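The values are calculated or read from the model by the stated rules, or taken from the named source; none is laboratory data. For clarity, every value in this text was computed on a predicted model and none was experimentally measured. Every residue, glycine as well, gets a Cβ built from its backbone with ideal geometry; the counts of neighbours run over all protein chains shown.
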Amino acid sequence: LTGVTVSDTILDSAGEALTLTSGPTYDTSNTATEGILDVGESATYSATFVITQQAVNAGGVSNTASVTSKDPEGTDVTDSTDSAIEDLIPRTAAMTVVKTASVDDNGDEKNGVGDVIQYTVTVTNTGNVTLTDVDLSDELRLGSSTANVEDNTGNDSPAGVNLWTQDQTLLPGESATYVAWYIIDDTAASSGKVINTAIATADTPLTSADGSNQTLSVTSNEAVVDIAPIPSILVEKETTTVSSGANSILDVGETILYTITLTNDGNTTLTGVSITDVVNDLDGTAFTTPTNTITYTGSSLDGSDPPADSFSNTLAPSEVVTFEALLTIDQAMVDAGGVVNTVSAVGYSGTDQLTSSASTDETLIAASPALTVTKTATVDHVGSADEDNRVVREDDRIY
């Protein structure tokens with residue numbers, strides 16, 4: 001036989017064509033001449049195929065060899081293998097979903113309202129088949145609740161978002177990362193913790209009994225951010241202006257101007273915030289006369305129809321509100337030698353009441369005793385009608 005030619009066809013287990021890596025190649029160790037076979041003679045050809053992802057996804061390969069030649073009369077002589085050689089490849093569809101959380105706490109080292117949690121989700125194909133139509137959904141829960149809460153950053157929901165390649169495909173060993181954010185609000189802070197998990201789903205080339213592709217679903221670890229409620233309120237007072245007259249001494253009717261600063265230095269919103277302001281003498285005894293009442297300027301503290309831009313009895317974490325208080329001096333304060341002004345604040349975190357430490361400011365009033373003596377004299381003249389021009393004489397009376 002002459003013109004001996006060997007061909008080799010390789011398909012994946014789904015019947016799709018594959019390409020040999022090399023060959024078929026004539027084995028030079030044969031005794032026959034390449035392309036010629038004498039009667040009873042045989043020759044060996046070899047071909048190689050390096051397993052491709054297509055072959056793995058299909059679960060194996062099928063290989064068929066055929067040969068063509070001519071006899072001495074020029075008639076075609078052909079043959080092929082009676083059956084294809086099947087090589088099965090075990091398939092595993094698997095992936096991991098890992099979620100981590102970090103918090104931007106604004107430098108106060110406390111997880112609280114307004115802080116931003118950044119979640120990073122990493123999905124990795126740990127199997128040996130290609131995963132397609134990869135989708136990621138996100139579940140966010142607060143405290144012990146099982147209800148999901150909505151994303152509050154204005155970002156698109158992670159569900160259905162194209163996370164990595166254009167066709168949402170992960171090859172074996174390939175990873176994709178998605179980043180999402182959540183802003184801690186009052187509800188989250190009150191719950192004590194934010195719990196977040198991610199669920200990744202993907203289609204696999206593995207088939208179910210009904211012939212449909214199997215779907216893979218994997219849930220990540222829980223990323224838990226603890227929020228220890230640390231409610232706190234701070235009040236500070238300082239004397240801003242002391243109004244005194246020309247004598248540089250505080251007199252009745254003059255004023256002292258105080259500046260009061262309220263700060264929410266905790267990590268939860270405070271409601272029902274109010275202040276108590278007491279004016280005492282230097283010995284700690286409270287004045288009782290009506291004129292000792294402080295008049296507040298600026299924002300309202302009692303919640304009674306405050307201006308639109310005023311304090312509304314609520315303080316968010318790190319919020320600061322400032323008031324001015326004007327005290328009018330009365331005689332009792334002057335007599336006491338000074339005033340001690342003490343302010344404290346209360347607020348509520350949920351139903352828990354907080355009371356601030358008191359802030360005290362002392363103003364001394366220097367004593368300025370003074371006395372004016374005025375004397376006048378009247379003469380009662382005796383015996384003359386022209387009293388205006390008379391000098392004082394004997395028997396006149398002075399009183």
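Scan Val98, Val129, Val113 and give me the residue that is over 30 Å from Asp265 (Cβ atoms), crowded, with 21+ Cβ neighbours inside 10 Å and of a type outside the set (S, T, N, Q).
None of the other options fit; the residue is Val129.
Filter the range 337-367 for residues that are among the hydrophobic types (A, V, I, L, M, F, W, C) and either touching a Pro at 6+ places or on another chain (Cβ under 7 Å) or buried (at least 17 other Cβ atoms within 10 Å of the Cβ) (or both); which is farthest from Thr268 (Cα to Cα)? Reasoning before the result, please.
Going residue by residue through the range 337-367, those that are among the hydrophobic types (A, V, I, L, M, F, W, C) are 339-340, 343, 345-346, 354, 358, 364-367.
Okay, now just the ones that are also either touching a Pro at 6+ places or on another chain (Cβ under 7 Å) or buried (at least 17 other Cβ atoms within 10 Å of the Cβ) (or both), so 339-340, 343, 345, 354, 365.
On the way: Val339: 35, Val340: 32, Val343: 22, Ala345: 16, Leu354: 12, Ile365: 42 Å.
Filtering first and then ranking leaves Ile365.
Quick check on Ala94: is it within 30 Å of Asn213 (Cβ to Cβ) and at pLDDT 90 or above?
When the stated conditions are applied, Ala94 passes them.
In contact with a Lys or Arg (Cβ under 6 Å, 6 or more places away or on another chain), surrounded by 13 or more Cβ atoms within 10 Å (Cβ to Cβ) and not aromatic (Phe, Trp, Tyr) - does that describe any residue in the range 58-71? Give the derivation first.
Step one: list which residues in the range 58-71 are in contact with a Lys or Arg (Cβ under 6 Å, 6 or more places away or on another chain), which gives 59.
Narrowing further to those that are surrounded by 13 or more Cβ atoms within 10 Å (Cβ to Cβ): 59.
Imposing the further condition that a residue be not aromatic (Phe, Trp, Tyr) reduces the set to 59.
The answer is yes; a qualifying residue exists.
Of the residues that sit in the range 257-272 and are in a loop (DSSP other than H, G, I, E, B) and farther than 17 Å from Ser312 by Cβ, which one is modelled with the lowest pLDDT?
Taking the candidates together, the pick is Asn267.
Considering Asp82, Asp76, which residue is modelled with pLDDT of 90 or more and more than 60 Å from the chain's Cα centre (by Cα)? Step through it out loud before you land on a result.
Numbers: Asp82 fails: modelled with pLDDT of 90 or more.
Result of the check over Asp82, Asp76: Asp76.
Filter the range 15-56 for residues that are at positive phi and surrounded by 12 or more Cβ atoms within 10 Å (Cβ to Cβ) and give the result.
Residues of the range 15-56 at positive phi: 15, 23, 35, 40.
Correct list: Gly23, Gly35.
Could you grab me the full set of residues in the range 335-349 that are of a type in the set (Ser, Thr, Tyr) and within 11 Å of Ala286 (Cβ to Cβ)?
Initial filter on the range 335-349 (of a type in the set (Ser, Thr, Tyr)): 342, 344, 348-349.
Result: Thr342, single match.
Looking at the range 223-256 only, could you name the residues that are under 30 Å from Gly143 (Cβ atoms) and loosely packed, with under 13 Cβ neighbours inside 10 Å? Give the steps one after another, and end with the answer.
Kept after step one, since they are under 30 Å from Gly143 (Cβ atoms), are these residues of the range 223-256: 223-234.
Across the range 223-256, the qualifying residues are Val224, Asp226, Ala228.
How many residues, within the range 229-249, are in a loop (DSSP other than H, G, I, E, B), under 25 Å from Ser344 (Cβ atoms) and among the aliphatic types (A, V, I, L, M)? Working first, answer last.
Looking only at the range 229-249, we keep the residues that are in a loop (DSSP other than H, G, I, E, B), and these are 229-233, 243-249.
Subsequent filtering for residues that are under 25 Å from Ser344 (Cβ atoms) retains 229-233.
Okay, now just the ones that are also among the aliphatic types (A, V, I, L, M), so 230, 233.
Of the residues in that region, 2 qualify.
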